[in-house]
Protein chains: 2
Amino acid sequence: MRETVSADNRPYHHGDLRRALIDAARRLLERDGPSALSLRAVAREAGVSPAAPYHHFKDKGELLDAVAHEGWDMLNQAMGKARAEAKSLGDRMVALGVAYVCFARDNPSLYRVMYDGSRDKDDLPEHARRQDDSAYFHVRDTLVEAGADPNDEISLELATSAAWCAAHGLAEMASFKLFDHLKDAVGGEEAFFRGILSHMRVFADQPPK
Amino acid sequence: MRETVSADNRPYHHGDLRRALIDAARRLLERDGPSALSLRAVAREAGVSPAAPYHHFKDKGELLDAVAHEGWDMLNQAMGKARAEAKSLGDRMVALGVAYVCFARDNPSLYRVMYDGSRDKDDLPEHARRQDDSAYFHVRDTLVEAGADPNDEISLELATSAAWCAAHGLAEMASFKLFDHLKDAVGGEEAFFRGILSHMRVFADQPPK
DNA sequence: AAGGCATCTTGACAATGCTTAGATTTGTCC
DNA sequence: GGACAAATCTAAGCATTGTCAAGATGCCTT
């Protein structure tokens, strides 16, 4: 019978094991953290044999890449939302930075997988910076809106990169206890994020240069 | 016979296996990267049985901690040197930042171990921020030298933390190919580091606020 | 000299990533 | 409609890993 699923051409045995494996991996990630994420555990969680994933992913790294891919999509979306909802034009950059750091705080395991250095990635994934609605371009375009010269490509990329570095650094540091008393002193975690980011010229109201 | 450290066979017990294991680990790290650093490989490199390390370290994590400890010492030292050798007082903060990023660039595997999140570390290690000659205090004291109010503890810690976040973020990003053309455009890698750091108010000539 | 103790080895266990061979289902072509 | 090829899954196995329990080995103190 060529019953199958309407538009999808993927429902052979299991239905859609590839999808199920990614979901299982993300479930395990949230529940037990990155160190507990073994390929066999994912297969177990999805209810298939330990070798089944190899028909959908070349190796464990490719599964992780697929999971990371969805993480980048979520980040792009969160950044787009923050940009759209920012009160004032001058607040947009900070709103983007806070959104970035909050995403990392709310999805710590996923964030780790996205930047996992154990897989050989000599660059950020394409969809983090190429597409028009990518996080990178949200930052870049917002800098232009804030007054940066769109023709000075180098300066613009430098500023965008600086913002990205600052946000990433803060995202990785924010979980350390070292900062707990600072968070309290400035009135909460988000205020702390803003306090740190405000030390970066790119996140100030005035455009760089 | 207490001599017998001759060329071929292993000595009586072993002179200082703990030391030898740390050295072997660092050798493997530099040669094959962090993913190749297994406890058994370290034992093999040191010429002992796979279970020998357990008489000197509780588990693999404790070996890694010892390796990271030496990494932090090296970082502290590099920061101290950069601070001492900085041409002008206004250049000190940037010199510290560049020294930090260069350390990460020159010891990428070691740097990863120092920040490795797989081990349960809810904070930076003590010696990275407590001792008077720690990297953290080098940054803090330099900010005061540059004019920051030493009595406003909160602002001072915020600024120090901001500098640390920025440097760490840049250190982790700098290896991505994404930045290669920027490095070329601004005239080399160190110039790129300075270019990124100059977007952070804490690294500017004037003290924050 | 003798026992005590730290150190190191042997052997083992469970878990992991991955491969090969075989089984089962599905789609396609005549 | 039926045979054949391809896709999907399982079973079994290999090499490697972290860790532990027992036993061997050499050093030190008494």
If the label for B:Ser35 sits 7 angstrom from Cα along the Cα-to-Cβ line, what are its distances to the same label in every other copy, in nm to one decimal, shortest first? 2.0
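Residues of B:31-38, mean number of Cβ from any other protein chain within 10 Å of their own Cβ, rounded to a whole number?
For this peptide, the per-residue mean of nearby foreign Cβ atoms is 1.
In square nanometres and to one decimal, what's the mean projected area of the convex hull around the Cα atoms of segment B:21-123? List each step's numbers first, then the result.
Numbers: hull surface 29.0 nm².
Its Cα hull, projected and averaged over all orientations, spans 7.2 nm².
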Tell me, what ³J(HN,Hα) does each residue in segment A:106-111 have, in order and in whole Hz, if you take phi through Karplus 6.51 cos²θ - 1.76 cosθ + 1.60 with θ = phi - 60° and put x for Gly and Pro? 7, 10, x, 5, 4, 4
Any lysines with Cα under 23 Å of the A:Lys121 Cα? List them, leaving off those in the same chain fewer than 8 positions away. A:Lys58, A:Lys60, B:Lys177, B:Lys183
Does any residue of segment A:106-139 lose at least 50 Å² of accessible area with all protein chains in place compared with its chain alone, and if so which ones (probe 1.4 Å)? A:Asp122, A:Asp123
At 7 Å out from Cα toward Cβ: B:Glu153 inter-copy label distances (nm, ascending): 5.1
Cβ-vector label at 7 Å, B:Lys87, separations to other copies in nm: 4.3
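Against the empirical 2.2 N^0.38 Å scaling, what ratio does the C-alpha Rg of segment A:14-57 come to? Please report the intermediate quantities before stating the final value.
Working: Rg = 9.5 Å, N = 44, 2.2 N^0.38 = 9.3 Å.
Normalised Cα radius of gyration, segment A:14-57: 1.03.
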When the helix-only estimate is applied to chain A (DSSP H runs of n ≥ 4, each -39,500 (n - 2.57), divided by the residue count), what is the mean residue ellipticity at 222 nm, nearest 500 deg cm²/dmol? -18500 deg cm²/dmol
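Relative to the Cα centre, what is the charge dipole magnitude of segment A:14-57, using +1 at the beta carbon of each Lys and Arg, -1 at the beta carbon of each Asp and Glu, and rounding to the nearest 20 debye? Intermediate values should be presented prior to the final figure.
Values: 7 positive and 5 negative charges, 9 e Å.
Using Cβ point charges on Lys, Arg, Asp and Glu, segment A:14-57 gives about 40 debye.
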Stokes-Einstein diffusion coefficient of the protein assembly as shown, Kirkwood radius over Cα pairs, 4 °C, 1.567 mPa s, in µm²/s: 55
Just read off the accessible area of B:Trp164 with the full protein assembly in place, 1.4 Å probe, to the nearest 10 Å². 10
Taking only protein heavy atoms and a 1.4 Å probe, what accessible area per residue, in Å², does chain B have with all protein chains in place? 50
Computed over chain B: relative contact order in percent, which uses C-alpha pairs under 8 Å that are six or more apart: 19
I'd like the carbon and sulfur percentage of the solvent accessible area for segment B:13-57, probe radius 1.4 Å, heavy atoms only, ligands and nucleic acids excluded. 49
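Could you calculate the FRET efficiency of A:Asn151 with B:Ser175 from 1/(1 + (r/R0)^6), where r is the beta carbon distance between them and R0 is 30 Å, rounded to 0.05? Numbers along the way, then the final one.
Working: r = 29 Å, r/R0 = 0.97.
Once rounded, the FRET efficiency stands at 0.55.
Considering just Cα atoms, how many Å³ per residue does the convex hull of chain A enclose?
Values: hull volume 31.8 nm³, N = 209.
Normalising the Cα hull of chain A by residue number yields 152 Å³.
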Considering only B:Ser88, B:Ala171, B:His55, whose Cα is most displaced toward the positive end of the charge dipole of chain B, charges sitting on Cβ of Lys, Arg (+1) and Asp, Glu (-1)? B:His55
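How many percent of Cα pairs in segment B:120-209 exceed 23 Å? Show your work: numbers first, answer last.
Numbers: 1348 of 4005 pairs.
Counting pairs separated by more than 23 Å, the tail of P(r) holds 34 percent.
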Any residue on another chain or 5+ positions along whose placed amide H is under 5 Å from the amide H of A:Met200 is listed here as B:Arg201
How far apart, in nm, are two points set 7 Å out from the Cα along the Cα-to-Cβ line at B:Ala41 and at A:Asp59? 1.3
How far apart, in nanometres, would the label points at A:Gln131 and B:Glu70 be if each is projected 7 angstrom from Cα along the Cα-to-Cβ direction? 4.5
For helix A:60-85, what angle does its Cα long axis make with the longest principal axis of chain A, in degrees from 0 to 90 and rounded to 10? 40
For chain A, what is the charge dipole size about the Cα centre, in debye to the nearest 20, if Lys and Arg each add +1 at the Cβ and Asp and Glu each add -1 at the Cβ? 540
With charges set only on the Cβ (+1 for Lys and Arg, -1 for Asp and Glu), what does the dipole of the protein assembly as shown come to about its Cα centre, in debye to the nearest 20? 920
How tilted is helix A:17-32 with respect to the longest principal axis of chain A? Cα atoms for both, answer in degrees (0 to 90, nearest 10). 60
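Sorted by accessible area with a 1.4 angstrom probe, largest first, how do A:Asp120, B:Asp133, B:Asp152 fall?
Details: A:Asp120 155, B:Asp133 85, B:Asp152 60 Å².
From most accessible down to least: A:Asp120, B:Asp133, B:Asp152.
The values are calculated or read from the model by the stated rules, or taken from the named source; none is laboratory data. Note that the structure is a prediction, hence the values are computed from the model and not measured. Cβ coordinates were reconstructed from backbone atoms using ideal geometry, including for glycine residues, and neighbour counts include every protein chain displayed. Remember, those area values only see protein heavy atoms, side chains included, never the ligands or the DNA or RNA. Shrake-Rupley method; radii C 1.70, N 1.55, O 1.52, S 1.80 Å.
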